[in-house]
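Structure record follows, encoded as structure tokens.
Just so it is clear, none of the values below were taken in a lab; they were calculated from the coordinates. Owing to the predicted nature of the structure, the values given are computational and were not obtained by experimental measurement. Neighbour counts are summed over all protein chains in view; Cβ atoms, including those assigned to glycine, are modelled from backbone coordinates with ideal geometry.
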Amino acid sequence: MKDRRSGDATKAWAFLQVLARMGGTLGSLGHETVDDHKKQKQILAKQLIQSFGITADPIRWYAKGREYKTVFVLRDERPKAVREGGRRR
């Protein structure tokens, strides 16, 4: 998931990484945060559906908990130093 022009990772890829760090659940979101993530979620879901032949929405919104949850197991298993490498800047 790279931008064709710049070669940088897309926002959808960043959203997937956040979901992985959080074990597949991104919850307790405020209204502004939901609006920020909504488009990223839509793009990511579309890419997952196209890439893997998924028939249903792979990332669901649960209004009660104000959270996005993947319908598949997702976790970030990279070494801790790698996972936290981007946050130190």
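Dipole size of the chain about its Cα centre, with +1 on Lys/Arg Cβ and -1 on Asp/Glu Cβ: approximately 200 debye, rounded to the nearest 20.
Listed by chain and number, the aspartates and glutamates whose C-alpha is less than 12 Å from the C-alpha of LYS11, apart from same-chain residues fewer than 8 away, are ASP3, ASP36.
Spin-label model, VAL18 to TYR62: label points 7 Å out along the Cα-to-beta-carbon direction sit 1.8 nm apart. Residue separation of PHE52 and SER6 scaled by 0.36 nm, minus their Cα-Cα distance, works out to 14.0 nm of gained length.
For the set LYS39/LYS80; LYS46/LYS69; LYS39/LYS64, the pairs lying more than 27 angstrom apart at their alpha carbons are LYS39/LYS80.
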